[in-house]
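Scroll down for the structure; my scribbles are underneath it.
The values are calculated or read from the model by the stated rules, or taken from the named source; none is laboratory data. Being a predicted model, the structure only gives us computed values, none of them experimental. FYI the Cβ positions are ideal-geometry reconstructions off the backbone, even for glycines, and counts take in every protein chain you see. Ligands, DNA and RNA are excluded from the accessible area calculation, which covers all protein heavy atoms including side chains. Shrake-Rupley method; radii C 1.70, N 1.55, O 1.52, S 1.80 Å.
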There are 2 protein chains.
Amino acid sequence: MRVESWVVRGPAIPMTWEAREERAGPDEVVVEVAGCGVCHTDLGFFYDGVPTRHPFPLTLGHEISGVVVDAGPGVEEWIGRAVVVPAVLPCGACDACRAGRGQICPNQIFPGCDVDGGFGTHVRVPARGLCPVPDLSDPQANPSQLDLPLLSVIADAVSTPYQAVVRSGLAAGDLAVFVGAGGIGGFGVQIAAALGALAVAIDVDSTRLDRMRAHGAATTIDASEMPTKQVRQRVREVAEAHSIPTWRTRIFETSGTVAGQSTAFALLGHGGVLSIVGYTPKPVELRLSNLMAFDAIAQGNWGCLPEYYPAIVDLVLKGRVALRPFVETRALGSINSTFEELHHAPANRRVVLIPER
Amino acid sequence: MRVESWVVRGPAIPMTWEAREERAGPDEVVVEVAGCGVCHTDLGFFYDGVPTRHPFPLTLGHEISGVVVDAGPGVEEWIGRAVVVPAVLPCGACDACRAGRGQICPNQIFPGCDVDGGFGTHVRVPARGLCPVPDLSDPQANPSQLDLPLLSVIADAVSTPYQAVVRSGLAAGDLAVFVGAGGIGGFGVQIAAALGALAVAIDVDSTRLDRMRAHGAATTIDASEMPTKQVRQRVREVAEAHSIPTWRTRIFETSGTVAGQSTAFALLGHGGVLSIVGYTPKPVELRLSNLMAFDAIAQGNWGCLPEYYPAIVDLVLKGRVALRPFVETRALGSINSTFEELHHAPANRRVVLIPER
């Protein structure tokens, strides 16, 4: 079928609207895009020379929701279904996948990096790993009346901190500390709170912190004018007030900055777990031996296994993780100006681009 | 009962031989020391201002084997038994212990730090966690005819890398890379090999590497005149030659140096696990986000749970982890000159001090 999309022809060169033919091969589907979120990673590909695995020309976009309109042999049952397309689609067949390590599947498909992504009318992806979305017109299933484009942000911004939270071993009653309450941390705080943890949001932006107090954070800490030692002291006070030991404290680095990594590492206590969820290419100086002295763990997190997605959709539809205050929708046609804007001033809301129809 | 030991009265002041009364309280035993290993930690306490939790005057020594000669109410069955005393004795009753996190038990007893240690005729410790040693006169149980003093090094030098190896999830056929083949790494390499892994020893000392080739290392890498990139390339070649993926590669930092930590971190690939076993108070600069990009883990390791000790004693007695080439015994009376010597030039063998009788 004929599809159209915004194609990157070269770094920072305005994307152009182009047509191509797509056809679902065996075990593949074509999804009509409802919405596609703009991620910091897209800006890295477009402006900062972070290489995509498939070279330009390429259509970016990996935070996709939509409806399956074509399906190849073997997966015809998907036709007509509303889906969220996980940002990382492991092959399911390799040694890593069979060992439960789909996050590092060497054959994984990352739309907008390995293949043409979601900034277009349609996207072709493997059917394996797609997350079906319940009937959104059913008020029982969808009491908050969320729409399909909004759900696109589940594919990375919500699912990535979800996997990090699950892997950290977070349990009800634990302390969950997020360093960075932006696009990833804002959802992370809500997920941790929804799972029964006491969530603490740390940021340098008071607007973000105000929003987190209304959405899951039991405590917020403005680190903009506070030395790391004082931030650590504040976190310890919260933990002590709730009798939560260090080994039931999970720290999430969701700022993707050197300052954030430095703070997050300094928050580790005996038996603590630190999740590295944000990314910065810059090095950081830290006392790695603290991990030994504290019998602690620093755990990196890449994407989210498709297996976790149904539980995430459930949390979102039940309103336990709010999307609306954290998401802004725009027409897909604004992509070049939107990229330019986000490149210069990171938004406080995730931008979802919606194809015009 | 009257016991005698070498007492530290102040930092770097020669220890003095002093007598005291000891009596096993409820759930406690008094062990007649067969041997007590000298650990880098002891030198840190004595020379470098690392604080012991119980202030001086104190008897150091936490790597102890011996025979139980007195037992308090409730644990009388221990009398007469040969034992290894774990360096870390968790209380077994607190929340952390009940959650299986004895390593970070806040009430843990570390002889020679919390209470008088093993550089004496006797030591008083909790019975809980003691590791019974089989009858060493039985050639079936002890084919290599090891003696009880030698087994003291199990209490830290062997058990600490053992726990790190177990926690790393190492399985037969995996690649185990040790950065540092000294007091800890030398045993780590043997343990990994005994568990069926392909073990690689990296060091800057060719004597140590020669020894590792005879004891478990499938490959050794002399990093003394090689940039980190080349070390990484060599490790990759070994992995590829044996078709071992990065996510089945476990890296162990056992040098306790900044250079070692830097190298070990650089060896991480997709899905890798890095164990921090050695200690240095110095900071290191590294790209922490690699953990995220590689979906990798850096895991600190403190001591070893007493539960693991019987399996370790078994590996040692079966000759699968050799002690003799890695251990040197001396009379306890040499303690002051031995400390002085080790302080100036780290030995290539663990020194075990044996009380004169």
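With B:Ala264, B:Ala239, B:Ala296 as the choices, which residue is aliphatic (A, V, I, L, M) and without any contact (Cβ under 8 Å) to a residue 60 or more places away in the chain?
Numbers: B:Ala264 fails: without any contact (Cβ under 8 Å) to a residue 60 or more places away in the chain; B:Ala239 fails: without any contact (Cβ under 8 Å) to a residue 60 or more places away in the chain.
Within the list B:Ala264, B:Ala239, B:Ala296, the selection yields B:Ala296.
If we scan segment B:258-280, do we find a residue that is open to solvent by 50 Å² or more (accessible area, probe 1.4 Å) and part of a strand (DSSP E or B)?
No, that holds for no residue.
For segment A:300-344: of the residues being open to solvent by 20 Å² or more (accessible area, probe 1.4 Å), of a type outside the set (Asp, Glu) and assigned to a strand (DSSP E or B), which is farthest from the other protein chains (Cβ to nearest Cβ)?
Among those residues, the one meeting the criterion is A:Ala331.
Away from chain B (no Cβ under 14 Å), within 30 Å of A:Gly169 (Cα to Cα) and buried (at least 21 other Cβ atoms within 10 Å of the Cβ), is that true of A:Val351? Lay out the reasoning, then the answer.
Values: away from chain B (no Cβ under 14 Å): yes; within 30 Å of A:Gly169 (Cα to Cα): no; buried (at least 21 other Cβ atoms within 10 Å of the Cβ): yes.
Considered against the rule, which asks whether it is away from chain B (no Cβ under 14 Å), within 30 Å of A:Gly169 (Cα to Cα) and buried (at least 21 other Cβ atoms within 10 Å of the Cβ), A:Val351 comes out as no.
Testing A:Ala218 on (1) among the small types (Gly, Ala, Ser); (2) surrounded by fewer than 23 Cβ atoms within 10 Å (Cβ to Cβ); (3) in contact with a Gly (Cβ under 7 Å, 6 or more places away or on another chain), one condition comes back false. Which one is that?
(3)
What is the residue count in segment B:260-290 for residues that are more than 8 Å from chain A (Cβ to nearest Cβ) and either charged (D, E, K, R) or under 21 Å from the mean Cα position of the chain (by Cα) (or both)?
Applying the first criterion (more than 8 Å from chain A (Cβ to nearest Cβ)) to segment B:260-290 yields B:260, B:262-264, B:266-269, B:272-275.
Filter once more, keeping what is either charged (D, E, K, R) or under 21 Å from the mean Cα position of the chain (by Cα) (or both): B:260, B:264, B:273-275.
Residues meeting the conditions: 5.
Can you tell me which residue is surrounded by the fewest Cβ atoms within 10 Å (Cβ to Cβ) among those in segment A:225-249 that are closer than 26 Å to B:Asn290 by Cα and of a type in the set (S, T, N, Q)?
A:Thr228
With the checklist (1) open to solvent by 10 Å² or more (accessible area, probe 1.4 Å); (2) over 27 Å from B:Pro11 (Cα atoms); (3) within 14 Å of another protein chain (Cβ to nearest Cβ) in hand, flag the one item B:Gly74 doesn't pass.
Among (1) open to solvent by 10 Å² or more (accessible area, probe 1.4 Å); (2) over 27 Å from B:Pro11 (Cα atoms); (3) within 14 Å of another protein chain (Cβ to nearest Cβ), B:Gly74 violates only (3).
Mind checking which residues of segment A:285-299 are under 14 Å from B:Val273 (Cα atoms), open to solvent by less than 10 Å² (accessible area, probe 1.4 Å) and outside any helix (DSSP H, G or I)?
Listed by number, the residues that qualify are A:Ala296, A:Ala298.
So which of B:Val67, B:Val29, B:Val50, B:Val83 is surrounded by fewer than 23 Cβ atoms within 10 Å (Cβ to Cβ) and not in a loop (DSSP other than H, G, I, E, B)? Break it down into steps so the answer makes sense when it comes.
Values: B:Val29 fails: surrounded by fewer than 23 Cβ atoms within 10 Å (Cβ to Cβ); B:Val50 fails: not in a loop (DSSP other than H, G, I, E, B); B:Val83 fails: surrounded by fewer than 23 Cβ atoms within 10 Å (Cβ to Cβ).
Being surrounded by fewer than 23 Cβ atoms within 10 Å (Cβ to Cβ) and not in a loop (DSSP other than H, G, I, E, B) holds for just one of B:Val67, B:Val29, B:Val50, B:Val83, which is B:Val67.
What's the total number of residues in segment A:202-245 that are over 19 Å from A:Ala171 (Cα atoms) and within 14 Å of chain B (Cβ to nearest Cβ)?
1
Would it be correct to say that A:Phe252 is closer than 23 Å to B:Ile104 by Cα and either exposed (fewer than 15 other Cβ atoms within 10 Å of the Cβ) or more than 7 Å from chain B (Cβ to nearest Cβ) (or both)? Give the derivation first.
Numbers: closer than 23 Å to B:Ile104 by Cα: yes; either exposed (fewer than 15 other Cβ atoms within 10 Å of the Cβ) or more than 7 Å from chain B (Cβ to nearest Cβ) (or both): yes.
Yes, satisfied.
Can you tell me which residue within segment B:94-115, out of those that are in contact with a Lys or Arg (Cβ under 9 Å, 6 or more places away or on another chain) and open to solvent by 40 Å² or more (accessible area, probe 1.4 Å), is nearest to B:Pro26 (Cα to Cα)?
B:Val115
Give the number of residues within segment A:208-228 that are touching a residue at least 24 places away in the same chain (Cβ under 8 Å), assigned to a helix (DSSP H, G or I) and under 21 Å from A:Gln261 (Cα atoms). Can you show your working first?
Our first condition is that a residue be touching a residue at least 24 places away in the same chain (Cβ under 8 Å); within segment A:208-228, this holds for A:208-209, A:211-212, A:214-218, A:220, A:223, A:228.
Applying the additional criterion that residues be assigned to a helix (DSSP H, G or I) yields A:208-209, A:211-212, A:214, A:223, A:228.
Subset that is under 21 Å from A:Gln261 (Cα atoms): A:208-209, A:212, A:223, A:228.
Number satisfying all stated conditions: 5.
So A:Thr41 fits all but one of (1) open to solvent by 20 Å² or more (accessible area, probe 1.4 Å); (2) within 24 Å of the chain's Cα centre (by Cα); (3) modelled with pLDDT of 95 or more; (4) under 18 Å from A:Val85 (Cβ atoms); what number is the exception?
That leaves (3) as the condition not met.
Are any residues in segment B:116-128 part of a loop (DSSP other than H, G, I, E, B) and open to solvent by 20 Å² or more (accessible area, probe 1.4 Å), and if so, which ones?
Initial filter on segment B:116-128 (part of a loop (DSSP other than H, G, I, E, B)): B:116-119, B:121, B:127-128.
Of everything in segment B:116-128, those that are part of a loop (DSSP other than H, G, I, E, B) and open to solvent by 20 Å² or more (accessible area, probe 1.4 Å) turn out to be B:Asp116, B:Thr121, B:Arg128.
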